[in-house]
Every structure is written in structure tokens, then in C-alpha cells.
1. What is the residue count in the range 194-209 for residues that are under 20 Å from PRO65 (Cα atoms) and of a type in the set (Gly, Ala, Ser)?
2. Restricting attention to the range 233-267, which residues are β-branched (Val, Ile, Thr) and free of Cβ contacts under 8 Å to residues at least 12 places away in the same chain?
3. Of the residues that sit in the range 122-158 and are acidic (Asp, Glu) and over 15 Å from GLN250 (Cα atoms), which one is most open to solvent (accessible area, probe 1.4 Å)?
4. Output the number of residues of the range 172-203 satisfying the condition of being part of a loop (DSSP other than H, G, I, E, B) and out of contact with any Lys or Arg (no Cβ under 9 Å at 6 or more places or on another chain).
5. Condition check: of a type outside the set (Ser, Thr, Tyr), at pLDDT below 50, open to solvent by 80 Å² or more (accessible area, probe 1.4 Å) and within 35 Å of the chain's Cα centre (by Cα). Does PHE91 satisfy that?
6. If only one of LYS208, LYS195 is among the basic types (Lys, Arg) and out of contact with any strand residue (DSSP E or B) (no Cβ under 9 Å at 6 or more places or on another chain), which one is it?
7. Look through the range 95-106, keep the residues that are modelled with pLDDT under 90 and surrounded by 11 or more Cβ atoms within 10 Å (Cβ to Cβ), and return whichever of them is nearest to LYS249 (Cα to Cα).
8. So GLY154 clears everything in (1) touching a Phe, Trp or Tyr at 6+ places or on another chain (Cβ under 6 Å); (2) at pLDDT below 95 except one condition, right? Which one?
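The values are calculated or read from the model by the stated rules, or taken from the named source; none is laboratory data. These numbers come from a predicted model, not from an experiment. Counting neighbours? That spans all protein chains shown, and the Cβs are built from the backbone with ideal geometry, glycine included. Calculation scope for accessible area: heavy atoms of the full protein, side chains included, ligands and nucleic acids excluded. Shrake-Rupley method; radii C 1.70, N 1.55, O 1.52, S 1.80 Å.
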Amino acid sequence: MAAGAPASGGGSNAICNFVICNDSSLRSHPIIFNPDFFVEKLRHEKPEVFTELVVSNITRLIDLPGAELAQLMGEEDPKLPGANSTASGFFRSLMSLKRKEKGVVFGSPLTEEGIAQVSQLIEYLHKNLRAEGLFRVPGNSIRQQILKDALNSGTDIDLDSGEFHSNDVATLLKMFLGELPEPLLTHKHFHAHLKIADLTLFDEKGNKTSTPDKERQIEALQLLFLILPAPNRSLLKLLLDLLYQTAKKQDKNKMSAHNLALMFAPHILWPRNVTANDLQENITKLNNGVTFMIKHSQKLFKAPVYIRECARLHYLGSRAHTSKDDLDLLTSSGSKELQPLKSQKRSRLDSCHQEETQQRTEEALKELFQHVHNMPDSAKKKKLIRQFNKHPTALTPGSDVPTSPAPRRTRSRSFSGLIKRKVLGTPVILERKSRDTTPEPVRVSKENIQLLQKCGSPAHISQVKLKSLEGQKEGSCRRMRARLLSKDSSSL
């Protein structure tokens, strides 16, 4: 493929564009790498596996009862506040009438074409962020209607001509979001966002505090944004980037992140056809949640590192060198985080992980078994071998290392055998004592003590013990002969 040519196919363009360039003059240019490539690939090719992976990690961070989890998964229709209430019926019917007039862009479900049209408004506002009261001060209704009709018809618009004011464009953007059939963050995610707002830190005693847990909130939003419909996620990123840049210039436009959240929360997060009275105590949570999204928007559209690693392992099936933080996250996630919600749908990632763990365990057992086999004959070695033999399937790695039972010493109970054991000492006893690795209290001479201090290896220590034992045996032999001779003489 030629340099700069996009990858063929609409699906691949949505994931990433590959460029192969052999021109040496261009090799110094920075290479653009998408760290979420495998995440997007898994999302497009295996959406069920991807959704189960993400949702399993969402439920690790926030508590979603069965009904709310089913709503998040799309298995049940979302139950929203005010759905069964008859209060404020006039305002609901009025808002419904406003949304009945559907155009190609305004009032229609979100599409790529609609995003392309609305992105013109966002691009223009990026160049006019200094207008005081932006998004709060309404524009001219006549100019807004002209602009709305032009967007619906697909007519080319020159917003830089000076015909429209930045307040006209800002108000029209809010109008577009408010006329969507459902909020930008969707009805399915409504309860999850309420739970994310309740994520707070714990004190030393394990009690919840009122301090928000920002890291967990960011992680939960990252996961939740991953399972948004692609058009919603694209427009949400464009919108939050715009609001983030607007808040950075609040010294000029007087619009802080909280002020902007008050303007946009009803359009992107509140359920449709509800009033402030329906939400009651949740209004503060929702407004603070949008404020948090604006302030941390630059972090929310990156997949967590463990999701990247799981997606990569799903396709490559091998673990590359990762940083300590990545490994800690992978360890903390564990089997509880990565197991799918439905046990019958095990992913290839889980099986690869289990096989790798089992292989490492078997190798460690083989090394341990080989180490025990190479130990000198002793009571400790026999005990370890007996433990292996008790659990052949769990502990013994295989029959690669032949194990022969230690020869049992035949015990003589005759008087002559007793004399041999007491006086001469059998080679078996000497051999056992010489090979025994456990230290025994041995009386040694001054020369042997010096030898022990000079030699630190077990071989030298066993030589010293043998030397001392031989001396003790010679003395015991002389004493035993003297006793026997005295007994013989007294019997005569």
C-alpha cells in the first residue's frame, strides 16, 4: 500500500489506518500508534465478548442490582424516574410535541451524517470561546432557525461569514442535543452514572467518607464510555473537548465547568420527558457528574490498561513485557474481574491464562521434585517423597524422574548381631550418619573445631563428623572387649 493510503474497508477505517512506508526520507517522522487498536478491534469483531469483559469490570467498581444490570446490558427496558408519575403532565406533553417535528438532523436518532453536520458548529465555537456567557446567553431565534434549516437540508454553511453570532451557534448546539430521542449518554446508562457519583473514599477504619474517589470514578467512566454506541461516543468526545476548552477560558467567558454542567446536564444525561421535580435529590448528583466529566475529559476516552492487555491477549495469545503498574492491575483484576458474566461463554483469553498458570505450576513442581530426588538419603527426604506419593495427581509432576525406594536394613536380633552393632558398627549405620543432613551434637577435638571454621561446605563437615565417630567407635570397641573378657573370666 502506498504511503498515506488509508486501509481499505469501512470497518478497518473505524478501527485504525495502517500506513506502510519504505521511503527513507519519511522515516524520521513520528509514527502514530493507537494503543486502543485491539480494544476497538475486539469491539467491532466480537461485541458480545467485548461487552461482557467491560461490564464485568464495571460491576467490580459499582454495585448494580439485577434489574439495573439487565438494563445496562439492554436485556430490559430502563426504568426511569417519573415514568409512572402523572405530575407535571403538561410540561411532558409540551416537550414531546417539540420532538415530534423531526428533520434530517434535528430530532432524529444520532447518525454519522448528523455528527458531520453538528461538528461544523463545534469547530466554529472552538474559535470563539471568549464570548461572555457562552451557552448561557440565548442567541437570535430567527438566525437560529435559518441555521437549523440549512443543517437539516445539508446546505453548505459559511459560519465565518459574520452572518451568525457565537451565541446563535451555541444555543443551536444545545437545541440539537435536547431534541435527540434519548440523551447522549443513553437511558440504559442512567442508573450507572448515579452509582458512579456515589463512589467515595474510605477512612482507615473502612467507613465511607464524603470525599469523592476520583480514580475509581475515572476508571468507571472509561469503562462505561467503552460500551456507548459508536456515534454517541464520538459526539460525546467532541462535546466534552469543547466544554473543557471553554472552561479553561472562564476568565474571559465567565463559564466555569460547573456552570457549563448546569447548561448541558439536562441534554446529555437527564432522561427524556422528565422534570426537575421527578429527579429531586438526584439533580445534584447528575450536575456534579457532568462537571466531573468536563474537568477530566482528557482521560475518559482511553481504555484502562488491563482492558488493552486483555484485548491484545485475545488476538495474540502471548504476554509481552509490561510495566509494573500494568502487571499490578492485571493481578488485581484476577479471575473475578475477567470472567464473563455467563459461565457458558468462556473467552479464549481465560483459557489461555489458565493454561499458562497450569504450565508454570507444573514446571515449579518438576523443579521441586528434582530437588528432593537429588537430596542425600535422610529421614527428611523420605518424608517428602511420601508426601509426593500420597498425592500423585496433584503434586507429582510425572514419571520423568525415577524414584527408587530406599533399601531397608535387615535387623539382626541374634546375640552376635547385637555385638556387631554395639562393638563394630555396621556400614549401614555409618553411611546413614554420614549422609544425614540434620546437624547432630558431636564432640570434636580442637583440631576438628579449627577445621570446621575453615571449611564451610557440607562435604567437609561430614568428613569431620566421620573422623569423630571413628574415634568414638574405637574407644567403645576397647571398652566392650574389656567387659567381655571380664565376664568370661568370672564365669570360669
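1. 1
2. Kept after step one, since they are β-branched (Val, Ile, Thr), are these residues of the range 233-267: 246.
None - no residue of the range 233-267 is β-branched (Val, Ile, Thr) and free of Cβ contacts under 8 Å to residues at least 12 places away in the same chain, so the list stays empty.
3. We begin by selecting, within the range 122-158, every residue acidic (Asp, Glu); these are 123, 132, 149, 156, 158.
Next, from what is left, pick out any that are over 15 Å from GLN250 (Cα atoms): 123, 149, 156, 158.
Working: GLU123: 118, ASP149: 78, ASP156: 145, ASP158: 95 Å².
Out of the qualifying residues, it is ASP156.
4. Of all residues in the range 172-203, those part of a loop (DSSP other than H, G, I, E, B) come to 179-189, 198-199, 203.
Okay, now just the ones that are also out of contact with any Lys or Arg (no Cβ under 9 Å at 6 or more places or on another chain), so 184-186, 188-189, 203.
Result for the range 172-203: 6.
5. Details: of a type outside the set (Ser, Thr, Tyr): yes; at pLDDT below 50: yes; open to solvent by 80 Å² or more (accessible area, probe 1.4 Å): yes; within 35 Å of the chain's Cα centre (by Cα): no.
It is false that PHE91 is of a type outside the set (Ser, Thr, Tyr), at pLDDT below 50, open to solvent by 80 Å² or more (accessible area, probe 1.4 Å) and within 35 Å of the chain's Cα centre (by Cα).
6. Numbers: LYS208 fails: out of contact with any strand residue (DSSP E or B) (no Cβ under 9 Å at 6 or more places or on another chain).
So the residue among LYS208, LYS195 that is among the basic types (Lys, Arg) and out of contact with any strand residue (DSSP E or B) (no Cβ under 9 Å at 6 or more places or on another chain) is LYS195.
7. First pass over the range 95-106, keeping only residues modelled with pLDDT under 90: 95-105.
Okay, now just the ones that are also surrounded by 11 or more Cβ atoms within 10 Å (Cβ to Cβ), so 95-96, 98-99, 102-105.
Details: MET95: 33, SER96: 36, LYS98: 33, ARG99: 33, LYS102: 35, GLY103: 34, VAL104: 34, VAL105: 30 Å.
Going through the qualifying residues, I end up with VAL105.
8. Condition not satisfied by GLY154: (1).
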